[in-house]
1. Need the failing condition index for A18 against (1) modelled with pLDDT under 95; (2) part of a helix (DSSP H, G or I), just the number.
2. What residue, among those in the range 84-99 that are in a helix (DSSP H, G or I) and open to solvent by 60 Å² or more (accessible area, probe 1.4 Å), is nearest to L73 (Cα to Cα)?
3. Contact list please: Cβ distance under 9 Å, first residue in the range 38-63 and over 22 Å from E85 (Cβ atoms), second residue open to solvent by less than 80 Å² (accessible area, probe 1.4 Å) and aromatic (F, W, Y), pairs at least six apart or on different chains.
4. Out of the residues in the range 1-23 meeting the condition of being under 12 Å from the mean Cα position of the chain (by Cα), within 16 Å of E87 (Cβ to Cβ) and β-branched (V, I, T), tell me which one is surrounded by the fewest Cβ atoms within 10 Å (Cβ to Cβ).
5. Among residues belonging to the range 25-43 that are β-branched (V, I, T) and under 12 Å from the mean Cα position of the chain (by Cα), point out the one that is most open to solvent (accessible area, probe 1.4 Å).
6. Which residues, counting only those in the range 61-79, are open to solvent by 20 Å² or more (accessible area, probe 1.4 Å), part of a helix (DSSP H, G or I) and aliphatic (A, V, I, L, M)?
7. Can you say whether S108 is out of contact with any helix residue (DSSP H, G or I) (no Cβ under 8 Å at 6 or more places or on another chain) and open to solvent by less than 60 Å² (accessible area, probe 1.4 Å), as far as the supplied structure shows?
8. Which of the numbered conditions does M33 fail, given that it passes all the others? Conditions: (1) more than 19 Å from W7 (Cα to Cα); (2) free of Cβ contacts under 8 Å to residues at least 40 places away in the same chain.
Amino acid sequence: MVLLLRWILFAISVVFVAWLVPGIEVANFQSAMLVTVIMALVNIFLRPLIVFITLPINFLTLGLFGLVVNALLFMFVGYIAPGIEVEGFWAALLGSIVLSFLGLIINSVTLNNSD
């Protein structure tokens, strides 16, 4: 039940980010739900490999390159997912920062109430 709640809240967050950040467009709520699933799969399978490969540059930039990795993965999801458009790196960077912050809030709320 908590997983379904997280999925819906994260999809609402994707719609909110599209409303807030210029350059990100989401067609409808079903597209946001699909984006949520694709983003979860990318974060499970692709992100650890990319973070491992970029570990030296991430170390040199004191972790700030992680923001670039998040933005590039957000652009990738926008490219492969139908119903979402991410126009440019700066929109992806701002969108990934806002989405990460909202994801942090969602995780803290749902983890505390999972008992």
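The values are calculated or read from the model by the stated rules, or taken from the named source; none is laboratory data. Keep in mind it's a predicted model, so treat the numbers as computed, not measured. For neighbour counting, all protein chains shown are included, and Cβ atoms are generated from backbone atoms with ideal geometry for every residue, glycine included. All accessible areas refer to the heavy atoms of the entire protein, side chains included, with ligands and DNA or RNA removed. Shrake-Rupley method; radii C 1.70, N 1.55, O 1.52, S 1.80 Å.
1. Here A18 meets the rest and fails (1).
2. Once the filter is applied, the top-ranked residue is F89.
3. Taking only residues 6 or more apart or on different chains, the pairs are T54/F65; I57/F65; N58/F65; F59/F65.
4. Looking at residues that are under 12 Å from the mean Cα position of the chain (by Cα), within 16 Å of E87 (Cβ to Cβ) and β-branched (V, I, T), I get V17.
5. For the range 25-43, the residue satisfying everything is V37.
6. L67, V68, L72, M75
7. Yes, satisfied.
8. (1)
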